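Quick notes on the structure that follows.
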Amino acid sequence: MQLYRAHVLVCGGTGCVSSGSKKIQEAIVDELAKQNLDKEIKVVETGCHGFCEMGPIVIVYPEGTFYCQVQVDDIAEIVSEHLVKGRIVQRLLFKAPLTEEQVPSYKDIAFYRKQHRVALRNCGHIDPEHIQEYIARDGYEGLAKALTTMTPQQVIEEMKKSGLRGRGGGGFPTGLKWEFASKSPGPKKYIICNADEGDPGAFMDRSVLEGDPHSVLEGMLIGAYAIGADEGYIYVRAEYPLAIKRLKVAIAQAEELGLLGDNILGTGFSCRLHIKEGAGAFVCGEETALMASIEGSRGMPNPRPPFPAVKGLWEKPSNINNVETYANVPVIFLHGAEKFASMGTENSKGTKVFALTGKLRNTGLAEVPMGISLREIIFDIGGGIMEDKKFKAVQIGGPSGGCIPEEHLDTPVDYDSLIALGAMMGSGGLVVMDETSCMVDVARFFLNFTQKESCGKCTPCREGTKRMLEILQKICDGNGVPEDITTLETLGAVIKNTALCGLGQTAPNPVLATLRYFRHEYEAHINDKKCPAGVCTALLEYKIVAENCKGCGACARVCPVGAITGEKKEPHEIDTSKCIKCGSCIEKCKFNAIVKG
Amino acid sequence: MANITLTINGQKVTVPSGITVLEAAEMCGYSVPTFCHEKDLTAPGACRICVVEIKGWRNLPPSCVTTVAEGMEVETESPAVIEARKTILELLVANHPLDCMTCEKSGDCKLQDYAYRYGVTSPTPYEGEKKQFAVDDSNPYIYRDPNKCILCGKCVAICRAVADRNVIDYAFRGFNTKIATFMDTELKDSACVYCNRCVTVCPVGALSDRNMMGKGRTWELEKEEVTCTFCESGCKFDVNYKNGKVVGVTAKNPSAGRPLCLKGRLGTEFMKNPDKTDLPLVNKDGEFVEVSWEEALGIGPIVEKINALKK
């Protein structure tokens with residue numbers, strides 16, 4: 001085996017690929033060849049590091065130097081300075097947001113320091129397109145252990161002991177789910193992986209599939225052995241082409257090594273896995289709709305019971321788990337259930353990956369132990385709010401979740417505490433909002449999403465979310481009446497109570513949660529016709545503060561409708577009847593003389 | 001099958017296990033509204049009008065797909081149930097044309113009946129955008145008004161139940177969902193054979209038998225059930241009388257086999273036509289004249305010979 005004195009890891013996750021990592025990788029390979037270093041230094045394309053905002057990311061080992069936002073022009077310097085002379089290129093290091101201090105090592109960056117990577121253990125460290133790298137990191141050992149030393153019943157017991165709960169949203173205990181499917185009689189069963197990740201802003205499943213596809217395959221195989229399935233499907237959305245490509249490579253490589261297919265590891269256990277590409281419907285993340293879609297029908301949910309464990313895909317007992325859930329499974333069998341259960345809280349074990357988005361300094365993927373506080377996630381890992389603005393709320397669980405205000409930031413994050421706060425773990429999307437976000441507008445945004453993605457089958461979701469959205473729009477337009485709040489609450493409660501599937505039952509959550517914590521913002525829109533955050537255009541008026549105005553005329557020149565008039569060097573005025581509130585004047589004014597409110 | 005005991009509206013009842021809460025409630029004489037449930041055909045649990053309250057359950061489950069269990073405590077008309085049903089009806093009514101005065105279905109419409117039962121009137125608290133789909137009057141047999149459709153899906157299920165049909169299905173998403181043919185064409189350009197099974201199950205005025213339009217209100221019509229004799233299937237049709245006169249034949253129940261064809265319905269309609277003649281007509285000098293069967297078939301001389309031989 002060839003030995004190298006240094007490894008250069010280039011992130012090949014979708015985030016970094018979008019910011020140009022492919023070109024960086026080519027440039028490094030070319031530069032190494034040019035300097036005759038290609039026999040000494042190896043370039044590895046890895047999966048996602050999670051810190052997508054800082055991409056493209058390049059890490060140099062053995063030092064573990066973390067270079068961020070690398071450009072093609074920087075490559076020659078990295079190679080001749082760092083790789084030849086051993087001098088770290090200071091200017092490309094990550095700078096801590098507040099102290100401006102340069103952080104040379106991966107491990108010391110605040111974004112990573114509080115993280116604990118289990119599901120993402122290999123993401124960013126291995127080349128996902130080489131099964132040997134996964135095996136070198138103890139990959140498939142958990143499967144081998146389960147197949148050769150444990151009975152299916154023991155596998156289920158181990159899973160139950162681990163306390164792992166579904167990472168896709170519901171939080172149902174995985175071991176129990178496997179037990180149901182295993183107890184269902186029948187010679188044919190299916191194991192299914194739900195990779196139809198669709199919450200706006202959530203991309204943990206994509207990162208796992210792109211960065212460590214074998215961990216998902218291994219988890220599925222252990223599950224298949226436990227329930228007695230010999231066939232499985234990975235339902236992955238077609239919008240994830242890189243994930244699909246790497247899954248295909250992974251399946252082919254695992255089959256070649258006898259880790260997948262017939263007579264796995266010579267144990268007599270056989271299982272085949274197929275990939276089914278979804279066609280973009282959010283509702284297909286709901287398990288019964290997902291199975292209908294695999295079967296070739298329109299992706300619409302069906303009532304449960306019968307649960308998939310009894311009557312699932314093609315009416316056969318089936319087990320469905322999410323990508324992140326499966327990625328956790330090999331670790332449980334590698335290190336034992338006790339070790340896994342030692343992380344987390346009483347009822348929520350292990351870790352959870354969150355996708356940090358919104359008004360944060362550090363956005364990206366962060367995997368943290370359950371029980372950590374939201375404040376730690378947002379302010380320590382996330383680096384706090386951009387431009388030192390004031391934190392307002394964080395939306396957890398995507399469009400099905402709810403928002404949590406400042407006063408609850410110290411709540412330990414686990415499945416049950418989030419539900420008590422009117423939010424939910426969901427798939428783990430965290431959208432952080434600051435004082436410039438209008439909560440009515442936020443609720444409208446999420447409801448607009450779920451409304452468009454409703455399958456149209458059940459009345460409360462199809463008709464009800466539409467009416468809730470119309471009322472929210474009316475409030476944002478300044479036409480709200482006091483009764484609207486009651487209507488939203490009663491209609492929201494009925495939809496939660498009567499909708500067919502999880503999508504409908506949780507669709508009102510963003511509205512109900514914002515009403516719970518930010519009712520005053522709704523009231524300001526309705527009663528005072530004001531948007532406190534200055535977002536809802538219809539409720540804003542642009543004014544020129546005479547003391548600040550120098551009469552430069554820049555605003556008048558940029559105004560597209562000629563609403564601003566005034567003498568040179570005299571304070572100008574805005575004719576509000578003409579103003580279309582486009583905001584161009586505010587952007588142009590150098591003296592902060594124009595305000596909206 | 002074993003029996004189980006549960007409580008419905010405070011009354012202890014023993015019913016066969018495995019049946020639905022809806023069936024159990026109906027056995028005890030309680031009427032639970034349904035739109036999408038059709039016995040022996042489909043129970044998609046879609047319309048949610050049949051929700052009931054079950055003690056200890058998180059949500060209000062639809063009774064049509066919930067199986068009874070020992071010790072279950074069911075309320076079919078609790079305040080929460082009534083509120084939910086009323087809200088669902090208000091949502092449907094808010095997106096419905098409400099031209100009940102001229103609607104063919106008036107008097108036999110489930111939406112109308114339940115709105116009456118739960119006191120739902122217009123305007124509802126949920127007024128807003130309404131569906132604006134084109135009406136399909138492309139053919140002489142089925143009149144489709146998608147704006148009246150409540151998307152219960154029974155037409156889809158009953159069409160799918162016939163081999164080689166499957167003409168309609170759900171299309172589009174969310175508020176824009178509708179029942180459509182393949183490529184959303186008019187019925188005349190689809191594989192539809194106008195058996196009118198879909199019309200028989202539509203709970204509202206979205207699908208009407210075009211032959212019957214304008215011929216009388218539902219309550220003015222007397223119906224006589226007849227069994228079709230065109231083939232061995234023996235489907236059921238209704239002969240509709242108004243003031244003692246036949247005004248049309250409508251499809252009633254499909255039978256097993258190959259049921260409810262257009263030929264059967266039109267044939268039955270012809271047999272029941274009061275103007276039909278018993279003798280054939282022959283065009284003589286531009287006028288149809290009644291003649292004997294022998295003459296029409298050109299077998300007069302042969303019949304004469306046979307009759308002569310008989311003697």
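The values are calculated or read from the model by the stated rules, or taken from the named source; none is laboratory data. Owing to the predicted nature of the structure, the values given are computational and were not obtained by experimental measurement. Here the Cβ positions follow ideal geometry from the backbone for every residue, glycine too, while neighbour counts run over all protein chains shown. With ligands, DNA and RNA removed, areas are computed over all heavy atoms of the protein, side chains included. Shrake-Rupley method; radii C 1.70, N 1.55, O 1.52, S 1.80 Å.
Using the Kirkwood radius built from alpha carbon pairs, what does the Stokes-Einstein equation give as D for chain A at 25 °C and 0.890 mPa s, in µm² per second?
In µm²/s, the coefficient rounds to 94.
So, by mean Cβ neighbours within 10 angstrom, what's the order for B:88-98, B:178-188 with the highest one leading?
Output ranking for B:88-98, B:178-188: B:88-98, B:178-188.
Would you mind checking which residues have amide H under 5 Å from A:A6's amide H? H placed 1.01 Å from N; only 5 or more apart, or other chain.
A:K42
Positive end of the charge dipole of chain B (Lys, Arg +1 and Asp, Glu -1 on Cβ, about the Cα centre): tell me which of B:P33, B:V226, B:V246 has its Cα farthest that way.
B:P33
Bin all alpha-carbon pair distances of segment A:369-459 at 5 Å intervals from 0 and give each bin's fraction as a whole percent.
Taking every Cα pair in segment A:369-459, the percentages come to 3, 13, 24, 24, 17, 11, 5, 3, 1, 0.
What residues of segment A:452-466 lose no less than 40 Å² of accessible area with every protein chain in place versus their chain by itself (probe 1.4 Å, heavy atoms only)?
A:K457, A:T459, A:R462, A:E463, A:K466
How about segment A:468-503: which of its residues lose at least 50 Å² of accessible area in the presence of all protein chains relative to their chain isolated, using a 1.4 Å probe?
Listed by number, the residues meeting the 50 Å² cut-off are A:V494, A:N497, A:T498.
Tell me the carbon and sulfur percent of the accessible area for chain B, rounded to whole percent, probe radius 1.4 Å.
Ligands and nucleic acids excluded, carbon and sulfur reach 53 percent.
I want the antiparallel fraction of DSSP beta bridges within the protein assembly as shown, as a percent rounded to 5.
Here the share of antiparallel DSSP bridges comes out near 70 percent.
Taking the alpha-carbon centroid of each part, what is the distance from segment A:289-364 to segment A:465-495 in angstrom?
33
Leaving out ligands, DNA and RNA, what percent of the accessible area of segment A:448-544 is carbon and sulfur, probe 1.4 Å?
Carbon and sulfur: 50 percent of the exposed surface of segment A:448-544.
Can you give the calculated 222 nm mean residue ellipticity of chain B, where each DSSP H run of n ≥ 4 adds -39,500 (n - 2.57) and the sum is split over every residue, rounded to the nearest 500 deg cm²/dmol?
Counting only the DSSP helices, I get -6500 deg cm²/dmol.
Would you mind working out the magnitude of the charge dipole of the protein assembly as shown relative to its Cα centre, with +1 at each Lys and Arg C-beta and -1 at each Asp and Glu C-beta, to the nearest 20 Debye?
The calculation lands at about 500 debye.
Among A:F180, A:I192, A:Y61, whose Cα projects farthest towards the positive end of the dipole of segment A:42-192, with charges put on the beta-carbon of Lys, Arg (+1) and Asp, Glu (-1)?
A:F180
Give me the inter-chain shielding for A:190-202: mean count of other chain Cβ atoms within 10 Å, whole number please.
If you average over the peptide's residues, the count of other-chain Cβ atoms is 0.
Looking at segment A:351-434, send over the antiparallel percent of its DSSP beta bridges, to the nearest 5.
80
Summing +1 for each Lys or Arg and -1 for each Asp or Glu, what net charge is found among the other residues whose Cβ lies under 13 Å from the Cβ of A:A420?
-1
What accessible area per residue, rounded to a whole number of Å², is obtained for chain B using a probe radius of 1.4 Å?
For chain B, the per-residue accessible area is 52 Å².
Loop only by DSSP, 13 or fewer other Cβ within 10 Å of the Cβ. Give me the chymotrypsin sites (Phe, Trp or Tyr not before Pro) in segment B:140-173 that pass, ordered by residue number.
The qualifying sites are B:F172.
Treating only the Cβ of Lys, Arg, Asp and Glu as charged (+1, +1, -1, -1), what charge dipole size does segment B:240-311 show about its Cα centre? Round to the nearest 20 debye.
In debye, rounded to 20, segment B:240-311 gives about 580.
Given A:T487, A:L515, A:T465, which one lies farthest toward the positive end of the charge dipole of segment A:439-527, if we put +1 on the Cβ of every Lys and Arg and -1 on the Cβ of every Asp and Glu?
After comparing all options, I get A:T465.
So how far, in whole Å, is the C-alpha centre of segment A:524-597 from the one of segment A:32-96?
Centre-to-centre distance over Cα atoms comes out at 47 Å.
Pick out, in residue order, every one of the GluC sites (Glu not before Pro) in segment A:320-361 that is DSSP loop and has at most 11 other C-beta atoms within 10 Å; say none if there are none.
Sites meeting the loop and neighbour criteria: A:E346.
Roughly how crowded by other chains is peptide B:90-101, in terms of the mean Cβ count from those chains within 10 Å of each of its Cβ atoms?
2
Based on the mean of other Cβ atoms within 10 Å per residue, sort peptides A:272-280, A:348-356 so the most packed one is first.
A:348-356, A:272-280
Taking H placed 1.01 Å from N in the peptide plane, check which residues at least 5 places from B:I4 or on another chain put their amide H under 5 Å from its amide H.
B:V15, B:S17
Quick one: Cα centre-to-centre distance for segment A:209-265 and segment B:19-79, in angstrom?
41
So how exposed is A:K550, as accessible area in Å² (1.4 Å probe, rounded to 10)?
Using a 1.4 Å probe on the heavy atoms, I get roughly 120 Å².
So which aspartates and glutamates can B:K86 reach, going by Cα to Cα under 12 Å and dropping same-chain residues fewer than 8 places off?
Of all the aspartates and glutamates, those that pass the test against B:K86 - Cα under 12 Å, at least 8 places apart if same chain - are B:E77.
For segment A:224-230, take each phi angle, set θ = phi - 60°, evaluate the Karplus expression 6.51 cos²θ - 1.76 cosθ + 1.60, and give the result in whole Hz per residue in order, putting x for glycine and proline.
Values, residue by residue: 4, 4, 5, 8, x, 9, 10 Hz.
Pick out, in residue order, every one of the trypsin sites (Lys or Arg not before Pro) in segment A:1-82 that is DSSP loop and has at most 15 other C-beta atoms within 10 Å; say none if there are none.
A:R5, A:K39
In square angstrom and rounded to 100, what buried accessible area do you get between chains B and A, total over both, with the probe at 1.4 Å?
Roughly 2600 Å² of accessible surface disappears when B and A pair.
With a cut-off of 8 Å between alpha carbons and a minimum separation of six or more residues, what is the relative contact order of chain A in percent?
RCO, chain A: 11 percent.
Could you tell me which helices of chain B pass both thresholds, a Cα extent of 18 Å or more along their own axis and a mean Kyte-Doolittle hydropathy of at least 1.0, with helices taken as whole DSSP H runs?
TM-like helix candidates: B:79-94.
Let me have the 222 nm mean residue ellipticity of chain A computed from DSSP H runs of 4+ only, each contributing -39500 (n - 2.57), with the sum over all residues rounded to the nearest 500.
Value at 222 nm, helices only, nearest 500: -10000 deg cm²/dmol.
Expressed as a whole percent, how much of the Cα-Cα distance distribution for chain B exceeds 24 Å?
Roughly 64 percent, rounded to a whole number.
With every protein chain present, what is the per residue accessible area of chain A (1.4 Å probe, Å²)?
I get 39 Å² per residue for this part.
Computed on alpha carbon atoms, what radius of gyration and Dmax characterise segment A:118-206, expressed in Å?
For segment A:118-206, the Cα radius of gyration and maximum Cα-Cα distance read 15.5, 42 Å.
D for segment A:1-85, whole µm²/s, Stokes-Einstein with Kirkwood Rh over alpha-carbon pairs at 25 °C and 0.890 mPa s: what number?
195
Under the Karplus relation 6.51 cos²θ - 1.76 cosθ + 1.60, θ = phi - 60°, what is the ordered set of whole-Hz ³J(HN,Hα) values for segment B:183-191, x standing for Gly and Pro?
Here the 3J(HN,Hα) series is 6, 6, 8, 6, 4, 4, 9, 10, 8 Hz.
Leaving ligands, DNA and RNA out of it, report the carbon-plus-sulfur percent of the accessible area of segment A:260-358 at a 1.4 Å probe.
48
Just tell me which aspartates and glutamates come within less than 14 Å, Cα to Cα, of A:K452; anything on the same chain fewer than 8 places away is out.
Partners within reach: A:D199, A:E463, A:E470.
Place a +1 charge on the Cβ of each Lys and Arg in segment A:439-527 and a -1 charge on the Cβ of each Asp and Glu, then give the dipole magnitude about the Cα centre in debye, rounded to the nearest 20.
That gives segment A:439-527 a dipole magnitude of about 360 debye.
What do you get for Rg/Rh over segment B:99-212 if you use C-alpha atoms and the Kirkwood form of Rh?
Radius of gyration relative to Kirkwood radius: 0.96.
When you look at the Cβ of every residue in A:435-448, what mean number of other chain Cβ atoms sits within 10 Å?
0
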